[in-house]
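Worksheet: one structure, shown below.
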Amino acid sequence: MGAYDAVIEIPRGSRVKYEVDHETGRVFLDRVLYTTFGYPSDYGFFENTLGEDGDPLDVLVIMDHSVYPGVGAKVRPVGVLKMSDEAGGDDKVVAVLAKDPRWEHIQDVSDLGEFQRKEIEHFFEHYKDLEPNKWVKVDEWAGAEEAERLVKEAFERAAAEGH
């Protein structure tokens, strides 16, 4: 599996949703989540990609310590939570730090603990519950091969659209 550049927008535990402005590179406050949930891991996007929703492909980076919004990291995809929301397909790739020996044993999302997968699912099933006209449908987990395929497709989509 390959290693890719990810940019963290939201640290683990935060209810504050930041987004990077892709033209200026500045980090802006998008909103504070209406629910009392904090993100279950650092959250951001793969650079130079375009997901099905028209935004860069989302990634949750599982690591021991959170980093600040705007920090880049080399990550290795290990799985994907297939889901959709009011705007369409909104899959969440799960990745680990690519060159950190503490994460070498995680080769597939099935290598994560069942509780950790359930935490991630629960967060995304409910994090928009109190927001008007928003919804989320969590479908299923897929493994590292599917995650890698989605990342490659997102790079191709961005290149085809001139991003």
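Derivation of every value follows stated rules applied to the coordinates shown; laboratory data play no part. All figures in this text were calculated on a predicted structure; none of them were measured in a lab. Here Cβ is always computed from backbone atoms with ideal geometry, including for glycine, and neighbour counts include all displayed protein chains.
In sequence order, what are the phi-derived ³J(HN,Hα) couplings for segment 41-49 according to the Karplus relation 6.51 cos²θ - 1.76 cosθ + 1.60 with θ = phi - 60°, rounded to whole Hz, with x for glycine and proline?
3J(HN,Hα) across segment 41-49, in whole Hz: 7, 4, 9, x, 8, 7, 5, 6, 10.
At most 12 other Cβ atoms within 10 Å and a DSSP loop assignment: could you name the GluC sites (Glu not before Pro) in segment 20-108 that fit?
Numbers: sites: GLU23, GLU47, GLU52, GLU86, GLU104; in loops: GLU23, GLU47, GLU52, GLU86, GLU104.
Loop-located and lightly packed - GLU23, GLU86, GLU104.
Quick one: in the chain, what % of C-alpha pairs are over 22 Å apart? Don't jump to the answer; show the numbers that get you there.
Details: 4918 of 13203 pairs.
Counting every Cα pair in the chain, those more than 22 Å apart make up 37 percent.
Could you check what % of the DSSP bridge pairs in the chain are antiparallel, to the nearest 5?
Numbers: 31 of 36 bridges.
Among the beta bridges of the chain, antiparallel pairing accounts for roughly 85 percent.
Reachable lysines from LYS74, Cα under 18 Å, same-chain residues fewer than 8 places away excluded?
LYS92, LYS99, LYS152
Can you compute the modelled spin-label distance between ARG31 and TYR68, with each label point 7 Å from Cα toward Cβ, in nm?
2.7 nm
Given the -39500 (n - 2.57) contribution per DSSP H run of 4+ residues, what per-residue ellipticity at 222 nm results for the chain, rounded to the nearest 500 deg cm²/dmol? Please report the intermediate quantities before stating the final value.
Working: 2 runs with 30 residues, N = 163.
Theoretical 222 nm ellipticity from helices: -6000 deg cm²/dmol.
In percent, what relative contact order does segment 4-160 have, based on Cα pairs under 8 Å that are 6 or more apart in sequence?
Values: 352 pairs, mean separation 40.1, N = 157.
Rounded, it is 26 percent for segment 4-160.
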